[in-house]
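Participant: Before I ask anything, let me first share the structure, which is written out below as structure tokens.
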Amino acid sequence: MADQEEEVLAEREVFRGRRLTVVERDIRVAPDRVVTWEVLKKDDSVAVVALDEEGRVHLVEEYFGAIDGRELCLPKGRIDPGESPLEAAGRELREELGLRGDLTPLCTLSLSPGYLSQRTHVFLATGLTPDPLDGDEEHSLKPATLLLDDAVRLCGDGVIREARTVAALLLAVRSAQPS
């Protein structure tokens, strides 16, 4: 990638909520041009592709208030203060699926970098064993287990639509194939 030419000149807080902040950023995009972007600042998160020895992926069905609907997705959540992405991934796997596993970084995703600061660190979990931990969910999660190939097919069929889940499942298939 080319060297960055843009420069943030100023930032003003417009709104602060419990889990997100909206700011306006004045950005120099050219020597003679400054634009104002609205940015949604949200803490980074983690997501986990939990893959067992039988080639099954462990997902959760979760309610999302922004779309007023349930989606089939990876176990995921925010990174707590003082916690590393690896620690957060292990905690979320235990809280949402009651499992522990060997965690390997898979990728880091930007959902919509034009206005959202949040990045999601995705891990592959293998060697899964039971190890539940009480979580902090505000709503019910329903575990779901599918063959990885079936989950990928459901992505293509539009049944699994949560973008981080779709991308991570496709990468998990690629990483599972011999090179």
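Participant: I need the full set of residues from the stretch 1-52 which are open to solvent by 100 Å² or more (accessible area, probe 1.4 Å), free of Cβ contacts under 8 Å to residues at least 60 places away in the same chain and of a type in the set (Asp, Glu), in order please.
Facilitator: Asp3, Glu5, Glu13, Asp32
Participant: State which residue pairs qualify: first residue free of Cβ contacts under 8 Å to residues at least 60 places away in the same chain and within 20 Å of Gln118 (Cα to Cα) and inside the stretch 163-174, second residue open to solvent by less than 30 Å² (accessible area, probe 1.4 Å) and in a helix (DSSP H, G or I) in any location, beta carbons under 7 Å apart, and separation of 6 or more residues or different chains.
Facilitator: Val166/Cys155
The values are calculated or read from the model by the stated rules, or taken from the named source; none is laboratory data. Quick caveat, the model's predicted, so the values are computed rather than measured. Here Cβ is always computed from backbone atoms with ideal geometry, including for glycine, and neighbour counts include all displayed protein chains. Side chains are part of the model used for accessible areas, which takes the heavy atoms of the whole protein and leaves out ligands, DNA and RNA. Shrake-Rupley method; radii C 1.70, N 1.55, O 1.52, S 1.80 Å.
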